[in-house]
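Sharing a structure, written as structure tokens. Questions coming.
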Amino acid sequence: MLTFAMRLSIFIVSLRRFLPANILLAWLHTRRGLKYGVPAMLLCIPYWLLARWLYDQVQAGVFIEGFYVVALACGWSALKLGFFGPWSLVLLAKARASEAVARRHQRRVQPPATPPRSAVPVEVASPWIQE
């Protein structure tokens with residue numbers, strides 16, 4: 001029985017990575033996706049409404065009680081998306097600060113740029129040579 005429960009939990013955890021909210025959150029955790037954290041936070045509204053609707057339908061007897069799990073998953077996804085919006089602003093500020101420090105360090109370490117020499121020799125007109 002314990003082996004079955006462990007295998008079932010491993011299977012459920014492996015399926016979690018295919019949920020749309022988890023895929024979106026994985027992309028939002030990248031540096032490129034951090035700026036879309038607040039707009040993605042608005043997706044928690046449809047998730048929450050879906051969870052509430054499913055819960056009400058199960059309570060009314062329209063759906064079987066197994067849909068409580070789906071409602072719970074939708075509610076949990078809504079919470080994750082809702083809390084990630086403000087947190088993405090903190091992560092974005094942290095990333096920009098570290099990038100600014102790296103740029104400043106790069107400017108200090110890098111030697112000053114010398115102007116490139118011209119490949120064509122420049123003839124200078126001398127005031128002493130009369131043509």
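In the stretch 1-112, carbon and sulfur make up what percent of the accessible area (probe 1.4 Å)? Write down the numbers at each step before the final one.
Values: 6180 of 8670 Å².
Result for the stretch 1-112: 71 percent of the exposed heavy-atom area is carbon or sulfur.
Apply the a/c threshold of 1.5 to the C-alpha gyration tensor of the stretch 1-84 and tell me whether it is rounded, prolate or oblate. It would help to have the intermediate numbers written out before the result.
Values: a/c = 3.76, a/b = 1.24, b/c = 3.02.
It comes out oblate by the Cα gyration axes.
Moving to a separate point now. What's the FRET efficiency of V62 with F18 using the Cβ-Cβ distance as r and R₀ = 35 Å, to the nearest 0.05? It would help to have the intermediate numbers written out before the result.
Working: r = 27 Å, r/R0 = 0.76.
Calculated transfer efficiency: 0.85.
The values are calculated or read from the model by the stated rules, or taken from the named source; none is laboratory data. Computed from a predicted structure; not experimentally measured. Glycine also receives a Cβ, built like all others from the backbone with ideal geometry; neighbour counts cover every protein chain displayed. Areas reflect the complete protein model, heavy atoms only, side chains present, ligands, DNA and RNA absent. Shrake-Rupley method; radii C 1.70, N 1.55, O 1.52, S 1.80 Å.
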